[in-house]
1. Specify whether the C-alpha gyration tensor of the range 127-285 places it in the rounded, prolate or oblate class, a ≥ b ≥ c being the square roots of the eigenvalues: rounded for a/c under 1.5, otherwise prolate if a/b is larger than b/c and oblate if not.
2. Just to be sure I understand the model, the point goes 7 Å from the Cα along the line to the Cβ. What's the resulting residue 209 to residue 488 distance in nm?
3. How would you order 189-195, 423-429 from highest to lowest mean count of nearby Cβ atoms within 10 Å?
4. Expressed in nm², what is the orientationally averaged projection area of the convex hull enclosing the Cα positions of the range 373-555?
5. Given a Förster radius of 35 Å and the C-beta distance between residue 475 and residue 68 as r, what FRET efficiency does 1/(1 + (r/R0)^6) yield to the nearest 0.05?
6. Going by average Cβ neighbours within 10 Å, how do the peptides 264-274, 387-397 rank, with the highest at the top?
7. Relative contact order for the range 373-555 using alpha-carbon pairs under 8 Å, separation at least 6, rounded to a whole percent?
8. Please report the relative contact order for the range 335-422, taking Cα pairs under 8 Å with a sequence separation of at least 6, and give it as a percent rounded to a whole number.
Ligand code: MSP
């Protein structure tokens with residue numbers, strides 16, 4: 001079979017096979033899984049960095065659905081409490097609830113527009129969430145994980161956390177005054193001294209190390225796993241997890257002490273449990289949770305959150321997927337620089353699928369990526385419009401395929417061979433056609449493996465490469481020069497088209513998690529029914545292995561329109577966020 005051919009001939013087939021088995025064994029049928037995005041601060045409108053976090057989680061969620069791996073949920077929402085929001089509302093001349101309602105609706109709208117398949121949208125101001133947080137707090141208290149202490153240190157409101165001296169630097173302003181700022185974000189810090197509830201984080205140093213050593217895949221990609229191990233090798237001081245209510249009113253009060261407000265990060269992290277109905281029904285899902293987070297919030301998710309969970313008698317989440325940041329023409333995206341990129345404008349200009357494709361194709365979780373408009377146009381036009389769209393167009397053109405059907409494959413033209421070198425003497429396919437077909441046959445496993453390792457961009461790179469190879473195959477044999485009236489030529493012409501459509505069917509199926517609308521259009525044109533679109537049942541070119549192909553002879557779908565319209569190059573340099 002092609003599969004055997006593949007393991008014999010293709011060295012890279014090893015890796016996906018192993019990873020795929022692992023994926024199947026850890027996520028067998030019927031297994032539930034919660035996928036999550038972080039919840040987004042409701043102090044400003046969404047930008048493309050936020051959308052990227054959500055898209056990564058969405059692609060994983062959609063891919064899982066297509067693998068029939070078991071029920072899954074995708075949670076997202078808004079993080080609405082804390083000093084940051086309180087101050088943003090004051091600056092905007094409004095109240096925190098009003099600001100949060102407005103911004104939360106924008107995130108909801110942006111994600112809906114971008115086809116994020118979320119099943120739960122949580123707002124931390126909702127009663128169900130507040131109840132979950134209070135219950136979680138009580139669990140920490142009952143288990144002796146909290147104590148009251150005086151805490152003093154440098155507090156950074158923008159980051160909502162105390163920072164050690166080692167993470168501070170100094171900045172001189174225009175008036176020549178020196179300010180202490182966070183070295184990472186550049187935001188100012190203030191000396192704060194107050195009575196707080198402290199969480200015994202230091203007691204969890206060993207359990208956290210053990211958890212990570214026992215679960216080497218808990219944090220991906222690998223460099224972030226190493227970073228967390230490094231943090232855990234250093235001093236791990238206890239954590240202040242409440243604020244004086246006089247300083248911070250916009251938050252959930254400590255259940256047994258109304259003079260204190262629960263620290264916004266404890267409040268926010270519990271969202272992953274409140275969406276699961278904590279404290280009643282979460283057990284049906286937890287700890288089968290995969291969190292997608294940006295690198296800036298890694299410590300909160302990979303150190304504080306697992307420690308808090310252990311302290312409350314729960315297990316750490318199964319996996320944490322970490323991504324880096326988008327910069328804009330080499331600069332950090334920020335309101336003050338005025339270079340914040342608006343996802344609404346991008347979806348409009350590049351189409352939803354075009355922009356999804358760009359972010360997921362170009363975003364590399366291990367390192368920061370630079371955004372600029374020309375790059376979007378270039379990538380999307382060359383890969384979606386020209387390469388993929390062009391291939392569909394060429395292989396279904398009336399001149400090539402007048403009957404508008406899925407044509408038959410001929411074993412005489414493309415015989416099964418043991419040694420490629422014999423191929424040409426036996427049929428009409430050349431040695432390189434066999435190699436190409438082998439690489440497409442290995443694609444589904446390769447893509448599954450890359451998704452499993454949170455390397456969606458690599459999965460897309462492989463698909464793009466195969467699409468290019470298919471164009472090469474088509475071009476090489478010049479089917480438009482074959483004579484349909486000649487019986488031998490007709491068999492070969494149909495076989496070329498059959499192989500090409502089979503390839504397109506594989507690409508359409510595998511691209512569904514990334515470009516759902518385009519994939520749907522492609523699969524509909526190929527007459528692939530909704531129940532035939534699962535990745536789990538994807539078989540490529542069964543006729544080569546002597547098995548029947550259900551598509552042979554089928555009438556193609558009626559929509560003969562262009563798969564993806566080319567984007568126009570723009571003279572305008574950048575999409576600015578008009579909403580800011
Ligand atoms: N509210 C917290 C998360 C709490 S989760 C329990 C928060 N919110 S945020 O709105 O600031 O960020 C949300 C997500 O957007 C984070 O994963 C963050 O890394 C991501 N991004 C923010 N700016 C980004 C870029 N410039 N590029 C890519 N992602 C970025 O943190």
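FYI, it's all coordinate maths here, none of it is from the lab. The structure presented is a predicted model; accordingly, all values stated were derived computationally and were not measured. A quick note on method: Cβ atoms are made from the backbone with ideal geometry, for glycine too, and the neighbour counts reach across all protein chains shown.
1. It is oblate, given that a/c is not under 1.5 and a/b is not larger than b/c.
2. If labels sit at residue 209 and residue 488, their model points lie 7.5 nm apart.
3. Answer by packing, highest mean first, reads 423-429, 189-195.
4. For the range 373-555, averaging the hull's shadow over all directions gives 11.0 nm².
5. 0.45
6. Working: 264-274: 24.9, 387-397: 20.2.
Output ranking for 264-274, 387-397: 264-274, 387-397.
7. Relative contact order, the range 373-555: 29 percent.
8. 16 percent
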